[in-house]
Structure formats: structure tokens, C-alpha cells
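Student: Let me begin by handing over the structure; questions about it come next.
The values are calculated or read from the model by the stated rules, or taken from the named source; none is laboratory data. The structure displayed is predicted, hence computed values, not measured ones. Here the Cβ positions follow ideal geometry from the backbone for every residue, glycine too, while neighbour counts run over all protein chains shown. Please note that ligands, DNA and RNA were not included when accessible areas were found on the heavy atoms of the full protein model with its side chains. Shrake-Rupley method; radii C 1.70, N 1.55, O 1.52, S 1.80 Å.
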Amino acid sequence: MAHSEETSGKTPPPAIPPRLKGAIEELRVMKIKIETGINPKEYGEDLADLVPMVENSTGDAKVLASVKSAVAGHQLAVQFFQCDRVNGYDAMYQCRDNVLKAVFSKYPDIATKAKAATEGENLSHISAGLDKDAVLQAIWEKTGIDTEAALQVSNPSLLPQLPKHKK
């Protein structure tokens, strides 16, 4: 017989290479910073440090997909933040609308909510009818889900334990 885990029917968690494990830890820290309030400059810097770690990571395909998805979502959030630096009302909203196209493509349910929130409004820019913070929170909710998925597989001890259901 090989491992006792195999005989008990439990599959051992996949081995996570150090680079991927570091990326997951950075995502976990980023999630905490977002929950407690992160400034856009620090957020962009944290993401700039994280992207090369993820691009060069290998490991379990499911974990890697969750990590890459979370990073892609964070990149969209940073781009959305950066639109605040654009000079001019129309230019800022045009920038936000361009980022929203990518957000809506990645997260169709956010598109549905945004369209419902602006329904009936005659807007030259959809982002003008949306609350910037609500858009960011929606993106961060998705990146949080991806981060939790990666954590669950790579290090279940970092997640809060769910109560067991009684039969």
C-alpha cells in the first residue's frame, strides 16, 4: 500500500511550487489590504510586484488558473483606478468605459448589474451612471473568490473552518 491518505479516500493537496505559493500569499495579503483600505498607489505597486511572480509560476493547473484570474481582475481594478488621473470629464469617463468593457467581458454578471443600474438613463458614458466604489467592490469580490479558491487548494489551514452539516 502506498499512502494512508489513498487508503482513507482523501486526495492529498497538490504540491505547490514556491513561486506559486508566494503569489498566493501575496494575493491573500492584497485581499486583506483591500478589506482594510488600500491606497491606489500601493495597490498598483503591489500588483506590479505580483505580476512577474504569476507569469513565471508553474504548478497545479486549477490553482494557477485561480491565481491568474485573480491577478487579471486586480489589473482591471488598477486600470479603473488610474482613470481618475486622466484630465477632463469626458476623458475620465471614456477611460472608465474602456476598462469596463474588459471588466464586463471577464465578469458578465457585473455587466448585467451595471446595465440594470443604468437602465433608462441617457448616458454618453455608462461609467458616469455607476458608483466607482461599487464597481471596484464588485471586481474585488470576484478577485476574492479566485484568491479563496487558490488558498483552499494550496493551504486549507488559512481558511476559516466551515461548520459541519448534520445529517
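Student: Need pairs with beta-carbon distance below 6 Å; first residue farther than 19 Å from Gln79 by Cβ and within the range 104-119, second surrounded by 14 or more Cβ atoms within 10 Å (Cβ to Cβ); sequence gap 6+ or separate chains.
Tutor: Thr118/Ile126; Thr118/Gly129
Student: Can I ask one more? Right, Lys31: farther than 30 Å from Ser124 by Cα, among the charged types (D, E, K, R) and open to solvent by 60 Å² or more (accessible area, probe 1.4 Å) or not?
Tutor: no
Condition check ((1) over 30 Å from Ile16 (Cβ atoms); (2) of a type outside the set (Gly, Ala, Ser)) across all residues:
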residue	(1), (2)
Asp84	yes, yes
Tyr89	yes, yes
Gln94	yes, yes
Asp97	yes, yes
Ser105	no, no
Leu123	yes, yes
Glu141	no, yes
Gly144	no, no
Gln152	no, yes
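Student: What's the total number of residues in the range 45-99 that are part of a helix (DSSP H, G or I) and either within 21 Å of Asp131 (Cα to Cα) or of a type in the set (A, V, I, L, M, F, W, C) (or both)?
Tutor: Going through the range 45-99 one residue at a time, the tally reaches 38.
Student: Right, here's the next one. Report, by residue number, each residue of the range 38-70 that is open to solvent by 60 Å² or more (accessible area, probe 1.4 Å) and touching an Asp or Glu at 6+ places or on another chain (Cβ under 8 Å).
Tutor: Pro40, Asp49
Student: Which residue out of Val51, Val67, Val71 is more than 15 Å from Ala149 (Cα to Cα) and either of a type outside the set (Asp, Glu) or at pLDDT 95 or above (or both)?
Tutor: Being more than 15 Å from Ala149 (Cα to Cα) and either of a type outside the set (Asp, Glu) or at pLDDT 95 or above (or both) holds for just one of Val51, Val67, Val71, which is Val51.
Student: Okay, moving on. Being in a helix (DSSP H, G or I), open to solvent by less than 50 Å² (accessible area, probe 1.4 Å) and not polar (S, T, N, Q) narrows it down to one residue among Asp133, Asp146; which is it?
Tutor: Only one candidate qualifies: Asp146.
Student: Now for a different question. Mind checking which residues of the range 82-111 are open to solvent by 90 Å² or more (accessible area, probe 1.4 Å), over 22 Å from Val71 (Cα atoms) and of a type in the set (Ser, Thr, Tyr)?
Tutor: Correct list: Tyr89 only.
Student: Sticking with this structure for a sec: Tell me yes or no: at least one residue of the range 112-121 is part of a helix (DSSP H, G or I) and under 25 Å from Pro40 (Cα atoms).
Tutor: Within the range 112-121, one or more residues are part of a helix (DSSP H, G or I) and under 25 Å from Pro40 (Cα atoms).
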